[in-house]
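Computed from the coordinates by the stated procedures, all read-outs in this text should not be read as laboratory data. Bear in mind that the values here come from a model prediction, so they are computed numbers and not experimental data. In this analysis, Cβ positions are derived from the backbone assuming ideal geometry, glycine residues included, and neighbour counts consider all displayed protein chains.
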Amino acid sequence: MILPGKVAVERGIILGLRNAKVQTQPCGVDLTVRAMRKWTTTGAVDLDNSMRSNAKSERLEFSKPASEGLQPFLRLAQGANLVEFWEHVDMPLDIMGQIHVRSSMFRSGALVTAGVMDSGYKGAIGAMLQVMSPHGLILYENAKVAQMVFQEMSEKTEGYRGVYQGAQSVGL
């Protein structure tokens, strides 16, 4: 069963919303951009994490508009970026989450991709934002780029116990 966004917010499964009224959706909660990062090194993955090495990244700075009333923005070129969201989660042992791209993003030539949010995970949320359009993407600070959907599982699990538990940031 998919939880309505309102229920996820009321139960404290998702926290740190910029504007709950604007972000709460019938089938989930919109995620907003806190920071954008560009990878600067190579990462490595394997079967048992004995060789795992996360790629390092550097933060991209939003523009400082010269005119009052204009919002800070980034002009992203075609390519992959790491997006960190303002929102964070406290996943119950019988709930899992998935992140999906908002339709306004793919209509603008960009995708958002992320893994499953395991039951029991508490911490920061991030994803990969891929600009596919050869013309790039203008991304405003605090933009809604993805929607997180929460699903009730058939039973409680032991929960997530990995190295990212309690993470305050996805930037490395």
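Each peptide in 30-40, 11-21 receives the mean, over its residues, of other Cβ atoms within 10 Å, and ordering these scores from highest gives 30-40, 11-21. The equivalent ellipsoid that matches the C-alpha gyration tensor of the chain spans semi-axes of 27, 22, 14 angstrom, in descending order. The relative contact order of the chain, computed from alpha carbon pairs under 8 Å that lie at least 6 residues apart in sequence, is 29 percent.
Kindly list the residues of the range 112-149 that lie in the label zone of Q165, defined by a backbone N under 19 Å from the point 7 Å along the Cα-to-C-beta vector. Counting only backbone N, you get 116-126. Contact order, relative form, for the range 120-167: 83 percent (alpha carbon pairs under 8 Å, 6 or more residues apart, mean separation divided by residue count). Applying the Karplus relation 6.51 cos²θ - 1.76 cosθ + 1.60 with θ = phi - 60° to the range 11-22 yields 3J(HN,Hα) values of 7, x, 6, 10, 10, x, 5, 6, 7, 4, 5, 7 Hz, where x marks Gly and Pro.
Projecting the Cα atoms of G115, I95, N142 onto the charge dipole of the chain (Cβ charges, centred on the Cα centre) puts N142 farthest toward the positive pole. Residues whose amide H falls under 5 Å from that of A167, counting only those 5 or more places apart or on a different chain, are A124, with hydrogens built in the peptide plane. Computed over the chain, the per-residue total of -39500 (n - 2.57) for DSSP H runs of n ≥ 4 gives a 222 nm mean residue ellipticity of -1500 deg cm²/dmol, rounded to 500. Close amide-amide hydrogen proximity is noted between L93 and G120, each under 5 Å apart and 5 or more residues distant or on a separate chain (H modeled in the peptide plane; Pro and chain starts excluded).
If you take the alpha carbon atoms of the range 21-109 and fit the smallest convex hull around them, that volume is 180 Å³ per residue. Looking at the range 47-118, the GluC sites (Glu not before Pro) that sit in a DSSP loop and have at most 11 other Cβ atoms within 10 Å of their own Cβ are E61, E68.
Ignoring solvent entirely, what values of log10 I(q)/I(0) come out of the Debye formula for the range 1-64 at 0.14, 0.21 Å⁻¹ when each Cα is a single scatterer? With no solvent term, the Cα-only Debye profile gives -0.70, -0.81. Summing Cβ point charges (Lys, Arg +1; Asp, Glu -1) relative to the Cα centre of the chain gives a dipole of roughly 520 debye. Normalised by the number of residues in the range 67-154, the mean separation of alpha-carbon contacts (under 8 Å, six or more apart) gives a relative contact order of 44 percent. Proximity of backbone amide H atoms, modeled 1.01 Å from N, is registered between N142 and V33 at under 5 Å, excluding neighbours fewer than 5 places apart on the same chain.
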